[in-house]
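Here's the structure we're looking at; comments come further down.
Where a number appears in this text, it was derived from the coordinates with a stated rule and is not lab data. What you see is a predicted model; the values in this text were computed from it and never measured. Cβ placement follows ideal geometry from the backbone for every residue including glycine, while neighbour counts extend to all protein chains displayed.
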Amino acid sequence: MIIDKKLKGLVIKKFNEFFLVAIMQHENFEFKKKFLCKIRKSVNFRNQFVFVGDEVIIDQIDLKNKRAIIESLVKRTNLLERPSVANISNIYVICSVEEPKLNLSQVNKFLISAEQMGVEVSLVLTKCDLITEQKRIFLIDKFQKWGYQAITLDLNNLDNFKKFLDLLKEKKCSIFTGPSGVGKTTLLNRIIPNLNNTTSPVSSKIKRGKNTTRNVELFSLSSKSFIVDSPGFNMQALEIGIRELPNLYPEIYQQVVNQGVKCKFRNCTHVDDDGCNLNKDFERYGFYKEMIESSKSHCCLIQGD
């Protein structure tokens, strides 16, 4: 039976030329109705492709065979290129405190790369059972000065995990990023029932894990929240403009926007500029200055590892 009606759907999986689309137009949307779709060839997407996370309009809906045609693409808010996921609302930077050991320079790069997406960025510290309570509190205080309320997880502590899961259910579409071996796949396996992604042990030689996830897919956490299961999402090299960089550091953004700190020149880089009034007494200023100076000589590339 083919119904003569157009419906809005969400692309939750993509494989070859097919798309798995979940219908969004009912109150308790939890991927209850899914259709295998192809794109109408006559549709002009203005050279755009359809990705996981895109909202689309489908028609020629075959209820019996669960097939439909994607007629048009709803305007997206953002697009992550690798892995290709649209309409992300939250990025969680996942880093372990031990095994592999926390690398502050690496954490900084992941945070800056995530901030460039223009969405809400959070920091999650895993394997906290491997450090003392005193060290955990020290790290929370450190990252609070960076501008982040660090979420600390020990997967043996069910209360902390439940609080984190409840937090995820308040977000529209979340994705995890971070270095290899920090527990992203393990965490996803706990969050998504029956996911059972393969995990790899941390190499004893290089103290890093291997990426094991293969396909990009959206999973429902509640009627209005989703999480991306992504293939070893590890922030790719990004070019960051010298004028954009100050906005990606909460320590600088807070001073300029919230506290009204003004420098002599509007395009001040906050390094050696004449009339700079920024308070440079914050821990990450060394990282920031290094990135600015790198940008002045060539394009500033932010590497995930």
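Go through segment 272-297 and give me each residue that's over 25 Å from the mean Cα position of the chain (by Cα), over 27 Å from Q149 (Cα atoms) and touching a residue at least 12 places away in the same chain (Cβ under 8 Å).
Matches in segment 272-297: G275, C276, E293, K296.
Got at least one residue in segment 172-190 being out of contact with any Lys or Arg (no Cβ under 9 Å at 6 or more places or on another chain) and assigned to a loop (DSSP other than H, G, I, E, B)? Step through it out loud before you land on a result.
Residues of segment 172-190 that are out of contact with any Lys or Arg (no Cβ under 9 Å at 6 or more places or on another chain), as a first pass: 173-175, 184-190.
Going one step further and asking which of them are assigned to a loop (DSSP other than H, G, I, E, B), we end up with none.
Among the residues of segment 172-190, not one is out of contact with any Lys or Arg (no Cβ under 9 Å at 6 or more places or on another chain) and assigned to a loop (DSSP other than H, G, I, E, B), which makes the answer no.
Could you check, for segment 103-112, whether at least one of its residues is buried (at least 16 other Cβ atoms within 10 Å of the Cβ), out of contact with any Lys or Arg (no Cβ under 7 Å at 6 or more places or on another chain) and assigned to a loop (DSSP other than H, G, I, E, B)?
Let us first name the residues in segment 103-112 that are buried (at least 16 other Cβ atoms within 10 Å of the Cβ), namely 106-112.
Those still in the list that are out of contact with any Lys or Arg (no Cβ under 7 Å at 6 or more places or on another chain) too: 106-107, 109-112.
Those left that are additionally assigned to a loop (DSSP other than H, G, I, E, B): none.
So far as segment 103-112 goes, no, none of its residues is buried (at least 16 other Cβ atoms within 10 Å of the Cβ), out of contact with any Lys or Arg (no Cβ under 7 Å at 6 or more places or on another chain) and assigned to a loop (DSSP other than H, G, I, E, B).
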